[in-house]
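The values are calculated or read from the model by the stated rules, or taken from the named source; none is laboratory data. Since the model is a prediction, treat every value here as computed from it, not as a measurement. Methodologically, a virtual Cβ is constructed for each residue, glycine included, from the backbone with ideal geometry; neighbour enumeration extends over all protein chains shown.
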Amino acid sequence: FTPGTEVDLCGHATLASSFAVLNYIEPDQNEVHFHTRSGELIIRRKNGLYEMEFPVYEQEEIPVTDLMEQAFGTRPEKAYLGVDLVCVFDNEEAVRKMRPDQNLLVWLPGRIQNVTAKGKETDCVSRSFCPKLAITEDPVCGSAHCQIAPYWASVYEKNEIHAYQACARGGYLTCTVDGNQIKISGNAVIVAVSEILAVLQ
């Protein structure tokens with residue numbers, strides 16, 4: 001669940017849940033399967049990272065509009081629409097410095113409004129804005145890369161994409177496109193531990 005709705009696929013929740021299962025519930029295992037609204041999701045612990053298998057979202061190129069330019073503050077070079085909107089810009093700085101108009105973003109198509117460009121130190125940089133889900137910006141959006149990574153894989157003509165989500169917190173993802181599946185690898189850390197005390201009657 002986001003603050004605004006329930007979503008079919010959430011990278012944060014999948015990564016956090018697999019981290020909890022593989023470290024606290026079944027620490028001797030290196031693989032966990034979740035049954036979700038997006039189907040079965042498989043997560044494997046490999047080389048200190050957590051590799052998640054997600055579906056590739058189909059997308060098609062759509063016309064760039066004046067509303068896109070007004071919402072993002074600069075005009076995209078290209079735009080693609082699938083589950084989410086992916087707008088491609090000509091340089092990394094445009095993505096990093098972007099201050100979109102959240103009130104206009106809600107009028108753009110797609111569940112999430114993503115912006116991306118070629119990276120200087122990684123294959124691509126991106127940001128994910130989610131006003132329709134009551135989230136201003138997703139810090140590191142796994143599900144958005146179900147469209148972003150396949151796009152850059154086709155541009156670079158390779159299967160493995162090293163991506164950086166350029167929000168204030170930031171995060172790196174390694175994405176491997178394999179047909180209609182994408183493997184996204186990332187790390188997880190503990191930020192808080194809580195105990196719930198229940199009185200049994």
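Looking only at region 50-68, count every residue that is surrounded by 14 or more Cβ atoms within 10 Å (Cβ to Cβ) and within 17 Å of the chain's Cα centre (by Cα) and tell me the total.
The number of residues fulfilling the criteria is 9.
Please work out which residue is surrounded by the fewest Cβ atoms within 10 Å (Cβ to Cβ), limiting yourself to region 175-191 and to residues that are among the small types (Gly, Ala, Ser) and at pLDDT 85 or above. Steps first, please.
So the first thing to find is which residues in region 175-191 are among the small types (Gly, Ala, Ser), and the list is 179, 185-186, 188.
Checking which are at pLDDT 85 or above leaves us with 179, 185.
Numbers: 179: 7, 185: 20.
It comes out as 179.
Looking at region 52-71, which of the residues that are modelled with pLDDT of 95 or more and in a strand (DSSP E or B) is farthest from residue 18 (Cα to Cα)?
Here the residue is 62.
Which residue out of 164, 151, 172 is surrounded by fewer than 17 Cβ atoms within 10 Å (Cβ to Cβ), in contact with a Phe, Trp or Tyr (Cβ under 7 Å, 6 or more places away or on another chain) and more than 20 Å from residue 17 (Cβ to Cβ)?
Values: 164 fails: surrounded by fewer than 17 Cβ atoms within 10 Å (Cβ to Cβ); 151 fails: surrounded by fewer than 17 Cβ atoms within 10 Å (Cβ to Cβ).
On inspection, the qualifying residue turns out to be 172.
So, in region 99-122, of the ones that are assigned to a loop (DSSP other than H, G, I, E, B) and of a type in the set (D, E, K, R), which residue ends up surrounded by the most Cβ atoms within 10 Å (Cβ to Cβ)?
Step one: list which residues in region 99-122 are assigned to a loop (DSSP other than H, G, I, E, B), which gives 99-101, 106-112, 119-122.
Then keep just the ones that are of a type in the set (D, E, K, R); that gives 99, 101, 111, 120-121.
Working: 99: 7, 101: 14, 111: 19, 120: 10, 121: 9.
Ranking the qualifying residues of region 99-122, first place goes to 111.
Restricted to region 23-49, and to residues that are buried (at least 16 other Cβ atoms within 10 Å of the Cβ) and modelled with pLDDT of 90 or more, which residue is farthest from residue 149 (Cα to Cα)?
32
Please identify the pairs in which a residue from region 156-178 that is in contact (Cβ under 8 Å) with a residue 60 or more places away in the chain has its Cβ atom under 6 Å from the Cβ atom of a residue that is surrounded by fewer than 21 Cβ atoms within 10 Å (Cβ to Cβ) and among the charged types (D, E, K, R), counting only partners at least 6 apart or on another chain.
Taking only residues 6 or more apart or on different chains, the pairs are 166/96.
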